[in-house]
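What follows is a short report on a single structure.
A short reminder: the numbers here are calculations on the coordinates, not readings from a lab. The model shown is predicted, which means the values in this text are computed figures rather than measured ones. As a convention, Cβ positions derive from the backbone with ideal geometry for all residues, glycine included, and neighbour counts pool all protein chains shown.
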Amino acid sequence: MIKIGLVGAGTMGNTHHRAYRQLTDVTIEAVCDVDAEKAQKIAGGWNADIYSSLEDLLKNANIDAVDICLPTDLHREAVELAAAYGKHVFCEKPIALTVDDATAMIEACKKADVTLMVGHVVRFFPEYRSARELLQSERLGKPGVVRTIRSGAFPKWSTWFGDYARSGGPIIDLAIHDIDYLRWCFGPVRRVFSRTLGGKHEKFDHSLTLIRFESGVMAHVEASWAYPQGAPFQTSLEIAGTKGMVQYDRDKSNSVVQFSATTAAAGVPDSPLAKSPYALELEHFVHCVKNKEVPLTSGEEALESLKIGLAALHSAQSNKPVDLEVVNR
């Protein structure tokens, strides 16, 4: 049984709490949040201890790993502290807001000889995995053009998203999902070119990023917070090759993903499957901890995806295309 300390009892903390319920070899032993009432709502179902300080949790709770569901700007401090106490770490995406912070987190976990996995959950969604398997089987032929969409209303369920110094905006917080998935499918990126509404429209923002891969594949990555409040969260994927095309659009297909009344506004999908993508993701983390294996979405993988996101952000700010070596220096 792997014992978890859940850090952050907000939307993603609750999403992970529900996912752990689908696993048989995990228990939440402690919950940490500055809001004791939020922490209690999760802790009560596990008979878990409640802490308002991560360091107090690490000092006193009987845990093997921490699951960090905090705002992105708090990731580095939390991960380094957990590693210093010898705890394995699952950290929500994106790994960090800068290359330096992400690198420091990776090094801290390496030094402590603990597992670090980052929550790029799209790699665990059945539709996206199936599309990648079709691609790898060569049934689509040589891929050429790819399109992804991830869009909805501004996430009002937490105010820190509107502070781009903390969230990175729709490119770093939202498009990073598809950036990571596409890099998993198509490999290294050569150049990005991005545009956003930006500026004073931060709570009504939209981004479009063109990604040119070293293989020659071109991807159109759309991420948006420009929809009215109450609008459904949308995701879609299209991969066109010389022999065929695979398409997924959750609004036009019998998707295994659905939204409940409590999660629709947050853009966090639930699933009617026996194990949701979040449960599959956390199950993989537990497996890697037990077997000392490198996670599919390791810190190093998350760092490479972050570099692409940062290049896109720099492109949007400079109105110029950005070669990846510019941000990788």
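Compactness check for the chain: Cα Rg over 2.2 N^0.38 Å is 0.96.
Take 18-29, 142-153, 307-318 and order them by the average number of nearby Cβ atoms within 10 Å per residue, most first; the result is 307-318, 142-153, 18-29.
Here the extension length gained between LYS156 and ASN47 equals 36.2 nm, from 0.36 nm per residue of separation less the Cα-Cα distance.
Ranking ASN47, SER318, GLN22 by Cα position along the charge dipole of the chain, where only Lys, Arg, Asp and Glu carry charges on their C-beta atoms, puts SER318 farthest toward the positive end.
When the Cα positions of ALA165, HIS206, VAL189 are compared along the charge dipole of the range 125-213, VAL189 comes out farthest toward the positive end, with charges on each C-beta of Lys, Arg, Asp and Glu. Here's the list of aspartates and glutamates a cross-link from LYS290 could span, going by alpha-carbon distance under 12 Å and ignoring same-chain residues fewer than 8 apart: ASP25, ASP64.
Partners of LYS203 within straight-line reach, counting lysines whose Cα lies under 25 Å from its Cα and excluding those fewer than 8 residues away in the same chain: LYS93, LYS156, LYS307, LYS320.
Rg and Dmax over the alpha-carbon atoms of the range 1-93 stand at 11.6, 32 Å. Only beta bridges with both residues in the chain are counted; by DSSP, about 50 percent of them are antiparallel. The share of C-alpha pairs in the range 19-170 whose separation exceeds 26 Å stands at 40 percent. Using Cα pairs closer than 8 Å and at least 6 residues apart in sequence, work out the relative contact order for the range 115-213, in percent. Computed value for the range 115-213: 24 percent relative contact order.
Summary of the geometry: the range 149-205 and the range 299-315, compared by the centres of their Cα atoms, lie 11 Å apart.
Counted over the range 1-152, the DSSP beta bridges are approximately 0% antiparallel. Annotation: the residues PHE285, PHE213, sorted from fewest to most other C-beta atoms within 10 Å of their own C-beta, follow the order PHE213, PHE285.
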